[in-house]
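Here is the structure we will look at.
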Amino acid sequence: MKIQKNILFTIIVLISTSFTFAQFSHVGLKGGLNLSALDTDNEIELSGYENPYKVGLNIGVFTEFDLSKNMSVSAEVLYSQRGMLTEIKPNTEASEHFPEGIFTLNLDYIDIPILFNYMFISESNFTPRIFGGPFASFLLSAESAFEGPNDNEELDMKEFYKPNEFGLVFGLGTTYKINSGELIFDVRFMKGLSDIADFEGWSKTTSRNISVNLGYGFKL
């Protein structure tokens, strides 16, 4: 808990310091596709036990402030569908230990990334950029669903997961000028640093997420 408070304090200091020296650029809307999974210290290595990425969506708003000609800082507030997906295939080593079927864990968050952007300015309407920074997430809901050949079950799992999460996000993208606005495209990788599991006897659990996003920013 102390570590999480220190991370949150650091994020607040970064935001306050950056925005103090920044000039407002634009606000906008964005959304995209999430590919998420969870990492634990106790990975299961059995044939027929597969963990493909879980597909979800994100959508929200952002604001951006210019620090210089090539640098800016942006803050986003996104509703984000994350979690994990596990499939136990029939007649495999895994099916001898676990019931056959597909287990889905749906974790819905409000993600708040603070991104420091470096833009590669040119005379074209396209402006490539790279970015990175911290993020804080706040859990809205946690639900599990199991679909098997003989059984379907859904459970509320929110009590087993911590209400917040902290981590880092990195990515690259580009903007395209359209009149007074900008069309925005980016690809990013989010890695949780804090343990999100909140039940005794379970190993440390962290999240990872790849997202592809499209948005539009405009000046007020």
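The values are calculated or read from the model by the stated rules, or taken from the named source; none is laboratory data. Owing to the predicted nature of the structure, the values given are computational and were not obtained by experimental measurement. Every residue, glycine among them, receives a Cβ derived from its backbone with ideal geometry; neighbour counts consider all protein chains shown.
Can you go through 156, 151, 108 and tell me which one is over 21 Å from the mean Cα position of the chain (by Cα), within 23 Å of residue 86 (Cβ to Cβ), among the charged types (D, E, K, R) and modelled with pLDDT of 90 or more? Give the steps one after another, and end with the answer.
Numbers: 151 fails: modelled with pLDDT of 90 or more; 108 fails: over 21 Å from the mean Cα position of the chain (by Cα).
Just one listed residue meets the conditions, 156.
Taking the conditions exactly as written (within 18 Å of residue 209 (Cα to Cα) and at pLDDT 65 or above), does residue 72 satisfy them or not? Against the criterion (within 18 Å of residue 209 (Cα to Cα) and at pLDDT 65 or above), residue 72 does not qualify. The residues of segment 132-177 that are without any contact (Cβ under 8 Å) to a residue 24 or more places away in the chain and part of a strand (DSSP E or B), listed by number, are 152, 153, 154, 155, 156. For segment 64-79, a residue qualifies if it is surrounded by 17 or more Cβ atoms within 10 Å (Cβ to Cβ) and either within 15 Å of residue 185 (Cα to Cα) or among the basic types (Lys, Arg) (or both), and the qualifying residues are 64, 74, 76. Among the residues of segment 145-174, not one is surrounded by 14 or more Cβ atoms within 10 Å (Cβ to Cβ), out of contact with any Ser or Thr (no Cβ under 7 Å at 6 or more places or on another chain) and of a type in the set (S, T, N, Q). Going by the conditions given, is residue 210 surrounded by 14 or more Cβ atoms within 10 Å (Cβ to Cβ), more than 13 Å from the chain's Cα centre (by Cα) and at pLDDT 90 or above? Considered against the rule, which asks whether it is surrounded by 14 or more Cβ atoms within 10 Å (Cβ to Cβ), more than 13 Å from the chain's Cα centre (by Cα) and at pLDDT 90 or above, residue 210 comes out as no. In the condition set (1) farther than 28 Å from residue 174 by Cβ; (2) at pLDDT 90 or above; (3) exposed (fewer than 13 other Cβ atoms within 10 Å of the Cβ), residue 45 is compliant with all but (2).
Being among the polar types (S, T, N, Q) and buried (at least 18 other Cβ atoms within 10 Å of the Cβ) narrows it down to one of 124, 137, so name that one. From the options 124, 137, the qualifying one is 137. Looking at the structure I just gave you, is residue 121 assigned to a strand (DSSP E or B), among the β-branched types (Val, Ile, Thr) and at negative phi? It is false that residue 121 is assigned to a strand (DSSP E or B), among the β-branched types (Val, Ile, Thr) and at negative phi.
So, in segment 176-207, of the ones that are over 17 Å from residue 129 (Cα atoms) and of a type in the set (Asp, Glu), which residue ends up surrounded by the most Cβ atoms within 10 Å (Cβ to Cβ)? So the residue we want is 195.
It is to be established whether one or more residues within segment 112-119 are closer than 19 Å to residue 205 by Cβ, in contact with a Lys or Arg (Cβ under 7 Å, 6 or more places away or on another chain), among the aliphatic types (A, V, I, L, M) and modelled with pLDDT of 90 or more. No, there is no match, as no residue in segment 112-119 is closer than 19 Å to residue 205 by Cβ, in contact with a Lys or Arg (Cβ under 7 Å, 6 or more places away or on another chain), among the aliphatic types (A, V, I, L, M) and modelled with pLDDT of 90 or more.
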